[in-house]
Each structure stands twice: as structure tokens, then as C-alpha cells.
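Structure first, commentary second.
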Number of protein chains: 2
Amino acid sequence: MNIGPYSFDEYLQTVKSFHGHIAPGMIIGGVMVDLAQRHLGSGLLYDAVSETRNCLPDAIQLLSPCTIGNGWLKIVNLGRFALTLYDKYQGEGVRVFLDSAKVKDFPEIATWFLKLKPKPQQDKDLLLAQIREAGAHILNWQHITMKPQFLGRKDRGGMTVCPLCREAYPAQDGSICRACQGEAPYQDPESAGMQTCVPSLSAVPLEEALGHHLLHDMTQIIPGESKGPVFKKDQLITVGDL
Amino acid sequence: MNIGPYSFDEYLQTVKSFHGHIAPGMIIGGVMVDLAQRHLGSGLLYDAVSETRNCLPDAIQLLSPCTIGNGWLKIVNLGRFALTLYDKYQGEGVRVFLDSAKVKDFPEIATWFLKLKPKPQQDKDLLLAQIREAGAHILNWQHITMKPQFLGRKDRGGMTVCPLCREAYPAQDGSICRACQGEAPYQDPESAGMQTCVPSLSAVPLEEALGHHLLHDMTQIIPGESKGPVFKKDQLITVGDL
């Protein structure tokens, strides 16, 4: 059995080197990408969707031109072990999925796929042997047409520099970047690059605020922490050196 | 200049083969991963975050053990050209970002990064030369600590088979899978794998429904299309063969 341009064993080595270990989902995923490509035919510029975050995106990245960083691969996390390759412009394509009925003919694959036993109790050697034996026999496929919003590339518009963290971000995200709006995954706001501006913030009485720049948000809301006090009419926060 | 285990030119070839073309963001991204790894030190098991969907995730996937499919790389799309590598268990790590102040010393990089000119008017050769010359001089870095929800792996719980599309999905998603809840990216519901069950649906009067299985949702709501009629007391929809 070949998987894309690789022999089965070459593919296993490639998986180990890229994905870190020979995961069952990576082998089945390779057979799935291969099947989708055969049904799609050659010469077509295609994008890819993975319906799961697990393994399958890596099989797509190894065996097709579609990667997460070049934008040709998208993950629509529906939790199903399925992938779709589709014409980048017309949206017509092929969806391949692991068939929960067919998988019953291969008990160790069913055990793994449906999580019928905890991982340490699964027989990994038997699982790999059954995956190799099963090949595409546990798969099914169908023609699909993508919804229009999945076709073409969105223009992400201009960039601007955030007045808080001083980093560049898409201007369409608002007057400060999404990290400074509270979406950063870091514990300490200062570690999210906000140290440049915070010391220059000061609260002044309303009559002294005239003509100064205002922060976009005068409610003292701290995203994820506090909805802030009711707006106080006698005090506005200004940024001295914006 | 080396980038990870590669010479500069070897890295360019690897980028071309994986990412499809030698994108400026992939070269700068490679230098960024390299810088983060040097500051993180060796022997640490780390996860990665990319703050953008563009290019950077691919540089991380090429130069580190972290991929989107093995779950070690996450994209938190803040629109900033920044990445973080952090201790998988403790959450402490290093964030590297393209510095919008330092980039001004390299006008063609600034033009590309801040989109000061449309792409066809940018000088790609000059841009690549400046990127090679700049190396890590356009970067900045800081220590960060991740929020607790980014540490460890979530247990995704058991799998079950969707009564509508007959595909396996995480049981915690509800009584039918997320695709059948209306999240599928495909135009035609039948092409999302729903054809198996739909013919067996039938509406019956309330008195005949006793003892039958009910669909989870009796409101006739069609996700994304209609909020459905007000619940009718004299009619329930049952699935004959569940």
C-alpha cells in the first residue's frame, strides 16, 4: 500500500519525524487524504478542511499543498474524523470519513476509534496491523459543495500599531489590538507587552481632560476580571503621551 | 545564519517544499522560532502558541516538535506577528515578536509588515535581502506565564455515534453531532452525511408518540435558517428506527 508519494514504511517515518510518533490517526489519515486525492483527480487547485483537530490536519499537511500557515487548510472542529478537499474557487469537492459501520469489521480499530477501552488497555501492535490490513475499507466518501464563505481569501485590510502594546495588528480589530482587549493567553498583562503604556496612564478630573486623548474605554472594565464601576462623570482617564 | 538545524538556504528549500513558496513571514518566522528556542534552553518539553494564522504556525511546525495535529501548537489569533514557546506543565516561557519600532531600520520589511504598499508594488528581492541582513535585529522577546487553561491536555471524554449522520463524535457535544446541529461547512445538508436518517423521520400525533424515541429538538428549528414555529402541542416528531 502506498500513501501519496510514499511507500507505507516511508510514510510512517515521515509521520514520526513531523508528528512526533506513529499515531493511529495519522496512518488512517494518510489513507484518507490519498483516497480524497484520487477521487478529486489531478490538476485541481484545492483547499482542505479537517473536521477534527486530532492528527488529521497533520496528515493533510504532509500529503497535500495545504497547510495551516498558508491558509489552504482550515480546521472546522466538528469532532468527526473526516476531511474534505475542494476546488478553491468553485467549492465542489470530496469528503472522506471514517465509517463507524465499516469499522466494526476491525475490532481493534473500533476499540481505538470509539474509545471502547482506555488507551493503556488497547493493543497497539494489533491496532497497527488492522489499520494496515483495512486500508481504505473502513472509509467512505461523498461529493460535497462548500458554503460560499469558505471560498476565496478574505482581504484582511490594513495594519496599524497598537497604542498600548506598540505591536502591529489588523486595523479592523478596533482601536487597540485584541491582546490588549483582553484576549491574550498570558497571565500577567505586563507580560503581554503592555508595559510600554501603562505607566503613562493617569486619571484626571473632567475639567482638566479637555483636549486630551481618551482611552477607547472609560468604564475601567478589566476584561475577564471586572465589569468596572458605573461610569463616573467627574473623572476621565486620559493618556498623556499618545 | 543558521535557522534551527538548517543552513539559511536549506531552510528556504524546506519552506518551499512544505509551505509552497518562500514567504517573507516564513523566513522571519524561522528566525523567531530559533530565537525563542535559544532563550528557552534545551531539555524542556514545550507547547507553542502562534498569535497569527499567517505563516508563523508553519515555521513552528517545521522547526519544533509542535504541530497543529499533535496538539502541541495552538493558534490564538490576536493578529500580532508573535509566537510563544512555554513549559507544557508550568506555563513559563518565552514570547518573541516582530518589533514595529526596530523594523523601521529596514524600510522594505516595514513596507511588507505594515502593508504600506500593495503587494505587487513591493520589491520582493530587496525584502528578502533585508530579512537576511536583519536576522534577529527586528525582533524582541519577553518572559511570559500562560493562563492555567493553556496547560495540560483536556480529556475529550467518550465517543458516540450520531443518530443522524451515523458518524462518531464526542458525546459531550450533545445528542447529535455538531455537524448535524448546523455547523457543517457544506451547502447541502444531504452532503453533510445526513441522508441515512432523514427518510426515517416522521411526524405523528401526540397520542401515537407514547413510548417512541424523540429527536432532541422538537421545535423544528433549522440552525442558521429558521427559528422554527412555536412548539405545537398536538404533534411530536419521532424517529422510528433509532
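So here's what we get for this one:
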item	result
At 7 Å out from Cα toward Cβ: B:ARG153 inter-copy label distances (nm, ascending)	3.3
Order of B:THR67, B:THR111 under a 10 Å beta carbon neighbour criterion, fewest first	B:THR111, B:THR67
Rg and Dmax of segment A:60-122, Cα atoms only, in Å	15.2, 46
Copy-to-copy label separations for B:ALA101, where each label sits 7 Å from Cα toward Cβ, in nm and ascending	6.5
Label geometry 7 Å along the beta-carbon vector: B:SER42 inter-copy distances in nm	4.3
Given B:LYS16/B:LYS88; A:LYS16/A:LYS74; B:LYS74/B:LYS117, the pairs whose alpha carbons are separated by over 28 Å	B:LYS16/B:LYS88; B:LYS74/B:LYS117
Mean separation of Cα contacts under 8 Å (6+ apart) over length of segment B:2-150, as relative contact order %	23 percent
Sorted by Cβ neighbour density within 10 Å, fewest at the top, the residues B:SER64, B:SER17	B:SER17, B:SER64
Whole-Å distance, taken between Cα centres, linking segment B:120-149 and segment A:137-153	35 Å
Alpha-carbon centroids, segment B:19-80 and segment B:83-110: separation in whole Å	11 Å
Order of B:ARG178, A:ARG132, B:ARG53 under a 10 Å beta carbon neighbour criterion, fewest first	A:ARG132, B:ARG53, B:ARG178
Spin-label pair B:LEU210/B:ARG156, simplified geometry with 7 Å Cα→Cβ offset, distance in nm	4.3 nm
Per-residue average of Cβ from other chains inside 10 Å of A:13-22	2
Shielding score for B:111-119, defined as the mean number of other chain Cβ atoms within 10 Å	2
Neighbouring partner chain Cβ atoms per residue of A:145-153, average, 10 Å criterion	2
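A short reminder: the numbers here are calculations on the coordinates, not readings from a lab. Owing to the predicted nature of the structure, the values given are computational and were not obtained by experimental measurement. Every residue, glycine among them, receives a Cβ derived from its backbone with ideal geometry; neighbour counts consider all protein chains shown.
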